Amino acid sequence: MAKHDKDATFVGDSRISAKRIPNIAPSYSEFPGKSEPFWPNFLLKEWMVAAVCLVGYLLLTVSHPSPLTDKANPNDTSFVPLPDWYFLFLYQMLKYPWASGDWVVFGTIIFPGVAFTALVLAPWLDAGKDRRPKKRPVATGIMLLSLIGIFYLTWAANDEHSRLHPSNGGHSAGGATAPAAPAEKADSSFKPDAVWTAQTSCQGCHGVNMEGVAGPNLQKVGSKLDANQIADIIKNGKGGMPPGMFQGSDDDLKKLAEYMASLK
């Protein structure tokens, strides 16, 4: 008798209800130490850690108050405001011609807006799955250039502020400006040259003998600034000194700046 293959066909009967298995979470006792329910086990631990950190933070703020500088003095025109350290790179960038003056909108809005928008959209702009830096040269290169630029601009801003305003003590690491050093004692025997005595508009703030009244003492300003820096401050102003105070020709400005630069 010949052997024939047999096919089996299963036919479902809609009159017989299917067996429903309730949606019950598996017992985690079968996997000790590997997993646990999110509620309440895991979430309760997270809340306990957060509570301990919060209490520790509150105790720290009560026992060690935030250091504050001196009270604001409207009569102190030598004070030069400076942003916190994490904004110093933007502060320094605005000193360059391509980000200030006629381009100030680019430096204050467009450039930072594009940079931070690109940072937010980074996961969508670079969807590569490889996590090794050498396999993602574009993203790695842009990030390295950004970090180098931020570090350099921050250092440049702090270095320039420390050189031009040594009386303010530079910028501290915590973001606050160090207390200003005491004003230099005026030399009562100092007599300025005629190039200074002719500048009556300057004497109102800096004194007849450059001893400093509302403005700083200028009897030794040459030890801090050169002639070009002094001429730029006289012409464009700085801090509490507004621009346009100098009354005279460019030749007079040059002579005054050179004289002040010689005062050491």
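The values are calculated or read from the model by the stated rules, or taken from the named source; none is laboratory data. Computed from a prediction, not measured in an experiment: that's the story for all the values here. When we count neighbours, we look across all protein chains shown, and the Cβ atoms used for this are built from the backbone with ideal geometry, even at glycine.
Key figures
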read-out: Boolean, M245 is in contact with a Pro (Cβ under 7 Å, 6 or more places away or on another chain) and either on the phi < 0 side of the Ramachandran plot or in a loop (DSSP other than H, G, I, E, B) (or both); value: no
read-out: Hits in region 80-109 (condition: among the hydroxyl-bearing types (S, T, Y), surrounded by 11 or more Cβ atoms within 10 Å (Cβ to Cβ) and in contact (Cβ under 8 Å) with a residue 24 or more places away in the chain); value: Y91
read-out: For T197: the one exception among (1) within 20 Å of P83 (Cα to Cα); (2) modelled with pLDDT under 80; value: (1)
read-out: Qualifying position, being among the acidic types (D, E), out of contact with any helix residue (DSSP H, G or I) (no Cβ under 7 Å at 6 or more places or on another chain) and not assigned by TED's automatic domain parsing to the domain that holds K95, among D187, D226; value: D187
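For (1) modelled with pLDDT of 80 or more; (2) assigned by TED's automatic domain parsing to the domain that holds W155; (3) under 22 Å from the mean Cα position of the chain (by Cα); (4) polar (S, T, N, Q), each residue gets a yes or a no:
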| position | (1), (2), (3), (4) |
| --- | --- |
| L43 | yes, no, no, no |
| W47 | yes, no, no, no |
| P67 | no, no, yes, no |
| V80 | no, no, yes, no |
| F89 | yes, yes, yes, no |
| F116 | yes, yes, yes, no |
| W124 | yes, yes, no, no |
| A139 | yes, yes, no, no |
